[in-house]
Amino acid sequence: MRDTPLQFKSGSLSCRELDAADIPAVQAFLDANPEYFWTVGDEAPRPDEAQQEFDELPPPELSYRCLRHFGIYAEGEAAMVGYGSLLEDMVAEGVCHLGLFIIATARHGQGDAALAYQGLEDWALRAGARWMRLGVVVGNQRGERFWERQGFVELRRREGVPAGRRINSLRVLLKPLAAGQDRDSEIQDYLAGVARDRPEP
């Protein structure tokens, strides 16, 4: 992927890349919107959750080009209404892995999540991504339904993934981004380069 600034507008929403100076604002957002953490980990965000999100790096066996954090903002509102993180070129060139993607609870059901994700996907395409990858916890029904509606397909499941006070099963999801390409062929190309996501026999 190309080194393209992570910023976009999508309808009434906008996105900008965050840095260490934004950590207090991210913590305030997570404290005000703990639903995701209760859903996947049975506990509230930690007092230093934002700092840990910025400090935590992928395990050494996962290569990547860069890790970015981003905030989603609505017109006329100073505080962020969404927060996320992503890895560029994870394991293979052109893989964009979405780590976190949280929209303010009060804005659920208004189409903001789909609008923000579409803007992010458009940005990823401009930056040279071929695939968007993510993991969703089995039982996070809102999340599972949302990502399926965005066109993601399940590649495999991972067991024993810790989150908060829980040990979860994780669905590894993928979406080929290139328009006009054969979807199955794009998935096979991905699996050829990312062995860890190949379905277990």
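Candidates L115, L120: the one that is touching a residue at least 12 places away in the same chain (Cβ under 8 Å), surrounded by 20 or more Cβ atoms within 10 Å (Cβ to Cβ), not in a loop (DSSP other than H, G, I, E, B) and not charged (D, E, K, R) is L120. Looking only at residues in region 4-16 that are at pLDDT 95 or above and open to solvent by 70 Å² or more (accessible area, probe 1.4 Å), the one that is nearest to A114 (Cα to Cα) is K9.
Take the residues in region 63-104 that are under 18 Å from E53 (Cα atoms) and of a type in the set (F, W, Y), then tell me which one is nearest to the chain's Cα centre (by Cα). Step by step, filter region 63-104, then rank; the result is F101. Inspect all residues belonging to region 51-71 and state whether any of them is open to solvent by less than 60 Å² (accessible area, probe 1.4 Å), assigned to a strand (DSSP E or B) and in contact with a Ser or Thr (Cβ under 6 Å, 6 or more places away or on another chain). Among the residues of region 51-71, at least one is open to solvent by less than 60 Å² (accessible area, probe 1.4 Å), assigned to a strand (DSSP E or B) and in contact with a Ser or Thr (Cβ under 6 Å, 6 or more places away or on another chain), which makes the answer yes.
Could you tell me whether A32 is open to solvent by 70 Å² or more (accessible area, probe 1.4 Å) and of a type in the set (A, V, I, L, M)? Taking the combined requirement at face value, the residue satisfies it. For region 123-162, the tally of residues that are open to solvent by less than 40 Å² (accessible area, probe 1.4 Å), within 20 Å of A178 (Cβ to Cβ) and assigned to a strand (DSSP E or B) stands at 5.
The values are calculated or read from the model by the stated rules, or taken from the named source; none is laboratory data. Predicted, not measured: the structure shown is a model, and the values here were computed from it. Quick reminder, even Gly has a Cβ in these numbers, built from the backbone with ideal geometry, and neighbours come from all protein chains shown. Note: areas computed on protein heavy atoms with side chains; ligands, DNA, RNA excluded. Shrake-Rupley method; radii C 1.70, N 1.55, O 1.52, S 1.80 Å.
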